[in-house]
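To start, the structure under review is shown below, and the notes come after it.
The values are calculated or read from the model by the stated rules, or taken from the named source; none is laboratory data. It should be emphasised that the depicted structure is a prediction, and the values quoted were computed from it without experimental measurement. With ideal geometry, Cβ positions are generated from the backbone for all residues, glycine too; neighbour counts draw on all protein chains shown. To get the accessible areas, we keep the full protein, side chains included, count just its heavy atoms, and leave off ligands, DNA and RNA. Shrake-Rupley method; radii C 1.70, N 1.55, O 1.52, S 1.80 Å.
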Amino acid sequence: AENFGRDILNTVEQNSVIFLQGDHPVFNTQYVYYTSGLRNDVRIIHLSKLLNGTGLRQINKYYPELIIPTHGDTLANMLPIIEDNYDAHPLYATLPFEIIPVGYRWVPYGLLYRLYKEEDIPAYSQVSARSQLIWDSYQHPLDGSLGKYKNLMLSNVTDYYKDASVRRGLYAATHGKDYENAL
């Protein structure tokens, strides 16, 4: 499971922000981030804590360069966060939230989604090439203990890889008309 956290962190480029959602992505990524110091150039934000206000102090302490409103208690407050930080930091999420500024779209990269202004979305060939590099860097989730032990806590880590693989195929089919790669 800690390799899952490493894979999430290694999906993004330098100085990115990752909005983490869901127990496994949050706990595994935070564990690796805080215990190993892996990717200390990345800013990880627990989205639920941001939205309920309990994460603001931590964000302001560790990431003072981010522009965050003092009360981020609704998804609507994500609009200024996105617009104010977009130019300085690539923005990623484990799950795409629907309330985003007009003219922005989510693009899947490995286990994450990256938010782009529509005019900044790279050509499909560039998205596909980068996606391949990301997938090539990932661990195979069944190479470790998940290949032998299917306990409830860890077994659904494989679902994240499966779901991300399906998203990659859908993106290939719908945006690149790349049906061979989609399969």
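Checked against the criterion of being at pLDDT 95 or above and either surrounded by fewer than 18 Cβ atoms within 10 Å (Cβ to Cβ) or under 19 Å from Trp106 (Cα atoms) (or both), the candidates Ile18, Ile67, Ile82 yield just one match: Ile18. For first residues located in the range 85-98 and farther than 19 Å from Asn28 by Cα, partners that are open to solvent by 50 Å² or more (accessible area, probe 1.4 Å) and lie 6+ apart or on another chain with Cβ distances below 6 Å form the pairs Asn85/Ile67; His89/Asn15; Pro90/Glu13; Phe97/Leu75. Please indicate, with yes or no, whether at least one residue in the range 112-119 is basic (Lys, Arg) and closer than 15 Å to Arg168 by Cα. Looking through the range 112-119, at least one residue is basic (Lys, Arg) and closer than 15 Å to Arg168 by Cα. Looking at the range 36-45, can you tell me whether even one residue there is modelled with pLDDT under 90 and basic (Lys, Arg)? No: the range 36-45 contains no residue that is modelled with pLDDT under 90 and basic (Lys, Arg).
Residues of the range 26-63 that are assigned to a helix (DSSP H, G or I), open to solvent by less than 50 Å² (accessible area, probe 1.4 Å) and out of contact with any strand residue (DSSP E or B) (no Cβ under 9 Å at 6 or more places or on another chain): Asn28, Val32, Leu51, Leu56.
Within the range 167-177, being open to solvent by less than 40 Å² (accessible area, probe 1.4 Å) and outside any helix (DSSP H, G or I) holds for one residue alone: Gly176.
Taking residues in the range 54-81 that are of a type in the set (Asp, Glu), and partners anywhere that are modelled with pLDDT under 85 and open to solvent by 20 Å² or more (accessible area, probe 1.4 Å), the pairs with Cβ atoms closer than 7 Å and at least 6 places apart or on different chains are Asp73/Leu51; Asp73/Asn52; Asp73/Gly53.
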